[in-house]
Amino acid sequence: MTSEPAIPVRRSRYADRLDVELWKYIDEVNSWYPPEIVAAPIAKQRAVYNRMCAAFHQARPEGVTTSDGLVATATHPIPVRHYRMAGNAAATVVYYHGGGFVLGDLDSHDDVCAEICAGTGFEVVSADYRLAPEHLHPASYDDALAVFEWVAATSTLPIVLCGESAGGNLAAAVAQATRRHERQAVGQMLIYPGLSSDETGRSYVEHAEAPLLSVSDIEFYRRIRSAPGQSQDDPTFSPIRDHDFSGLPPTIIVTAECDPLSSDGETYRDRILAAGGHAWWREEPRLVHSFLRARMTVPRAAEAFRRIVADISALGRGKWPY
């Protein structure tokens, strides 16, 4: 199912910059989840988003098994989904899904988690953290941290933190909070993460109206997540605003060239390196935000996803890829 993009100016600016296959993906996303949906009630946004995720969902690779469970906290249970392959895994990936802190659940990114499991042989634990606006910051962060602590307490395997978009923000915040934990993560993979609250960076200006994610979209999701009086300098809200980037695990950040968030990855890498850590940033050319969902039909996205899976595998085995 395809349609004409809802915002023609975005198409005209990027008409020759993006591959034909990627435009087909963008059109299909817009046919399911048009940009104007952000003005709809949250319940409708979620219903439409869930239908889109179901339409793009791929069957789990052969050999991947799953089980759902709950992580108990003092106030509420957090749903998780555990992915496994036969044999002894070398590491556990704790995965935080995207969706602007408003959308997504265990099903929305189920196939991505299953393919990471199959591609690495690692166990994957996907966290269904609480969403805004019903649960404002720090609810999603608290849940993300609780799932990490649960995995650390119940498994002896090395832990790799992984998240995409909003989930990349959570993975980074958890890595910063647990850098001195006795079970500190051995690595973190951040996929087009939103780490900042400063929109003066290169990509925020150059790609303010990029297809599938604009600066106005980012502002909407930030506002809806914020509690009254929310400080933009809170590193659990904006990890890039932390004042200490030392002691973090080896970090790989992968961004899309045509995405306002791309500069966050570059800045985060530079701050880790300046603090004496190990970090790598890769900007995938001629791709847009959410390209993981395009991996089955867009060659560039498929190649980028293969590199991401290989990087996760390397981090989990303590073999830095670069």
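Points worth noting:
- Taken over the range 50-71, the criterion of being surrounded by 12 or more Cβ atoms within 10 Å (Cβ to Cβ) and assigned to a loop (DSSP other than H, G, I, E, B) is satisfied by H57, Q58, R60, P61, G63, V64.
- Number of the condition not met by G63 [criteria: (1) under 27 Å from E284 (Cβ atoms); (2) over 21 Å from the mean Cα position of the chain (by Cα)]: (1)
- Of the residues screened, I42 is one that is at pLDDT 95 or above, surrounded by 14 or more Cβ atoms within 10 Å (Cβ to Cβ), on the phi < 0 side of the Ramachandran plot and not charged (D, E, K, R).
- Matching residues, the range 223-240, being closer than 24 Å to E283 by Cβ, assigned to a helix (DSSP H, G or I) and either touching a Ser or Thr at 6+ places or on another chain (Cβ under 7 Å) or aliphatic (A, V, I, L, M) (or both): I240
- Cβ-Cβ contacts under 7 Å between residues 6 or more apart (or on different chains), taken from a first residue in the range 206-235 that is without any contact (Cβ under 8 Å) to a residue 60 or more places away in the chain and over 26 Å from S31 (Cα atoms) to a second residue that is among the hydroxyl-bearing types (S, T, Y) and in a loop (DSSP other than H, G, I, E, B), are listed as Q232/S197; Q232/S238.
- In the range 96-111 there is no residue matching the filter, namely being buried (at least 17 other Cβ atoms within 10 Å of the Cβ), over 18 Å from the mean Cα position of the chain (by Cα) and closer than 24 Å to I308 by Cβ.
- Positions within the range 272-296 being surrounded by fewer than 18 Cβ atoms within 10 Å (Cβ to Cβ) and either in a helix (DSSP H, G or I) or β-branched (V, I, T) (or both), in sequence order: L273, A274
- Verdict on E164 being among the acidic types (D, E) and buried (at least 24 other Cβ atoms within 10 Å of the Cβ): yes
- Boolean, V93 is more than 30 Å from E36 (Cα to Cα) and crowded, with 21+ Cβ neighbours inside 10 Å: yes
Yes/no matrix, rows are residues, columns are (1) small (G, A, S); (2) out of contact with any Phe, Trp or Tyr (no Cβ under 9 Å at 6 or more places or on another chain):
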residue	(1), (2)
D142	no, no
S155	yes, yes
G167	yes, no
A177	yes, no
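- Checking each residue in the range 110-141 for being in contact (Cβ under 8 Å) with a residue 60 or more places away in the chain and in contact with a strand residue (DSSP E or B) (Cβ under 9 Å, 6 or more places away or on another chain) picks out V112, I116, T120, F122, S140.
- Number of the exception - A74 against (1) under 22 Å from G316 (Cβ atoms); (2) exposed (fewer than 12 other Cβ atoms within 10 Å of the Cβ); (3) among the small types (G, A, S): (1)
- Output for the range 256-271, where each listed residue is surrounded by 24 or more Cβ atoms within 10 Å (Cβ to Cβ), over 17 Å from D242 (Cβ atoms) and among the acidic types (D, E): D259
- Residue tally, condition crowded, with 18+ Cβ neighbours inside 10 Å and out of contact with any Pro (no Cβ under 8 Å at 6 or more places or on another chain), over the range 240-254: 7
- Among (1) within 30 Å of S226 (Cα to Cα); (2) modelled with pLDDT under 95; (3) part of a loop (DSSP other than H, G, I, E, B) - the single one G98 does not satisfy: (2)
- Positions within the range 6-36 being at pLDDT 90 or above and hydrophobic (A, V, I, L, M, F, W, C), in sequence order: L18, V20, L22, W23, I26, V29, W32
The values are calculated or read from the model by the stated rules, or taken from the named source; none is laboratory data. For clarity, every value in this text was computed on a predicted model and none was experimentally measured. Don't worry about glycine lacking a Cβ; one is built from the backbone with ideal geometry, like all the others, and counts go over all protein chains shown.
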